[in-house]
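To start, the structure under review is shown below, and the notes come after it.
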Amino acid sequence: MTTQARTLNVGVVGLGLAAASVMPAMVAMPQVNLVAGVDINPRALQVFKEKYGAKTYSSIEALCNDPDIDTVWIATPNTFHCPHVILAAGRGKHIIVEKPMAINLAEADRMIEAADKHGVQLLCGGSRSSSAVVRNMRQVVVSGTLGRLRAMTTWSATDWMLRPRRPDELDVSQGGGVVYRQAPHQVDSVRLLAGGKVRSVRGVTGQWMAPRHTAPGFFSALLEFDNGALATLIYSAYGYFMASELFEPGAGGPDAPGLAGRIEARQHIITGTRDEAAAKEQRTLEAQRTGQVAGAAAPRGARFLSDLGLLVVSCEHGEMRQSPAGIYIYGDAGTTEVLLTETRGAYAPELDELYDALVYGKPVLHSGSWGLATLEVCLALMQSATEHRDISMQHQIAVPDGA
Ligand SMILES: NC(=O)c1ccc[n+]([C@@H]2O[C@H](COP(=O)([O-])OP(=O)(O)OC[C@H]3O[C@@H](n4cnc5c(N)ncnc54)[C@H](O)[C@@H]3O)[C@@H](O)[C@H]2O)c1
C-alpha cells in the first residue's frame, strides 16, 4: 500500500469468536473495508455471508490470491498463526495476527523474517494493551505527573475454563491453556506501561479442574523490568469468582448474572455430558450473528476488560485503576476520573495502528518483535513454573519512540 491509499481492504482468516468481536470494528471504521472471510467450516461462512454480505473463501490460499485484499486479520487457532502469517506475507498482504503470536520463539522468528522479506507490516494484535484504559494510563505514566512507575498489579478471574473448547485449546503443546491464550493481555499491557523491557520472570501455573487438568487454568507471575518496575499478574479461569463482579456491586451474590450457566457448564464438563464441538459451534455462530461473545461481556458501560482484569498502577506519588467509565487517578491532591469512550469496537485501535503505519508512516508499537517479546515472557512463565526459578529475558524491546 502506498501513502496515497486511504482504506484497509481486509480479509478475515478464521471466522470464530475472535473474528466475531473484530468485525464490528471493521464495519464501523470508514477507512476499513471488510472484503472477505475464510473458514474451513461452511456454516461459519454462511453466517458471515448473511451478516456482512462480503466474499467468502474456503481456503486461506484462495483468500490471499484475491487482489482486492491488502490486509488480513488472522484469527485461526494458535497452531495456524505461523503458517498463515508466512503464507499471507508471501502473497504481499499486511497482517494483523491474534495473540499469542505463535507457539514458540522459532515460529515467531520465521513470521518476522517472512514479513521483512516481503516488505509487509506484521502487527501482533488482539491484546488489551491497545485498550483506551491502558493507552491512557501509559500517557499518565509517561507524563511523569505521578512520579516514577514502581509497580503494577493485574488480577483477572473469568470462566475461560468452563467455555466449550476444542481439544487443542486444552493442550499446551498446541498453544492451549490460559498462559498462551490469556497472559498476553496482561503481559502486553504491563510491558507497554513500563516501557517494554522485562528483565526476569518468576511464574507458577495451576491446573486443578478434572477433567480439564491438561492445561493451566490459573497462573501467577512476578515480572521485574529493566527500569526497576515490578508487575504481579494473576489469572484464574475456573468461573467461580468473576473479576467483573468488582465493577458491578452486588453482582457476585447468589443471583449473579450467568451463575446458573456456569454451574451447569461445570457439571457437564465434570460428567462429560456436553457435546463440546456442537456447543462451541453454537456459541461461535451466535457470536457471529450478534457481534457479541456470550460470557465475555463487560459490565454495562464499564471500561473493565475481563481478560485483563483489575489493573492497578502504582507510582511514587499516586496510583491508577479502571473506573466504571474510564480511569481513576489517585494523587496527593485527591482523585480525578478520566472518562473514556471507544464506540467503534474493542479492536479499532489495532486497525488504526496499522492504518497509521501504512498511510502516515507512524511507528508500529505491536510489531513482530514486540509480539515475540511478549511471547517470550509467556513462555518463561510456564518454564519458571516447571523449573521453580527466575527466567532471564533475552529478546525484550522498548516501546518505540513515537508509538
Ligand atoms: N483478542 C481476543 O480477545 C481474542 C479472543 C478470542 C480468541 N482470540 C485468539 O483468536 C484465535 C482464535 O480463537 P477463537 O476463540 O476465535 O477460536 P475459534 O475456534 O472460535 O475460531 C477459530 C476459527 O478458525 C477456523 N479455522 C480453523 N482452521 C482454519 C484454517 N486452516 N483456515 C481457515 N479457518 C480455520 C475454525 O473453523 C474457527 O471458525 C486464537 O489465537 C485466540 O487466542 C483472541
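Readers should treat all values here as calculations from the given coordinates under stated rules, not as data from a laboratory. The structure displayed is predicted, hence computed values, not measured ones. Here Cβ is always computed from backbone atoms with ideal geometry, including for glycine, and neighbour counts include all displayed protein chains.
Here are the numbers for the structure shown:
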item	result
Full-extension gain in nm, Asn41 to Asp401, via 0.36 nm per residue minus C-alpha separation	125.4 nm
About the Cα centre, charge dipole magnitude for the chain (Lys/Arg +1, Asp/Glu -1 at Cβ), debye	280
Separation of alpha-carbon centers, the stretch 142-159 and the stretch 338-403, rounded to whole Å	16
Computed E for Thr7/Asp255 - FRET, C-beta separation, R0 45 angstrom, nearest 0.05	0.45
Simple Cβ-charge dipole of the stretch 263-388, Lys/Arg +1 and Asp/Glu -1, about Cα centre, in debye nearest 20	440
Average projected area [Cα convex hull, the stretch 61-126], square nanometres	3.8
Using a Förster distance of 30 Å, the FRET efficiency for Tyr328-Glu387 (Cβ separation, nearest 0.05)	0.20
In the stretch 1-77, trypsin sites (Lys or Arg not before Pro) in a DSSP loop with at most 15 other beta-carbon atoms within 10 Å	Arg6
Label-point separation in nm, Gln282 to Glu316, each point 7 Å along Cα→Cβ	5.7
Pairwise Cα inverse-distance average, inverted: Kirkwood Rh of the chain (Å)	21.5
Ellipticity estimate at 222 nm from DSSP helix runs (n ≥ 4, -39,500 (n - 2.57)) divided over the chain, nearest 500	-11000 deg cm²/dmol
Additional length obtainable on full extension of the chain from Lys117 to Glu61, 0.36 nm per residue less Cα span	18.3 nm
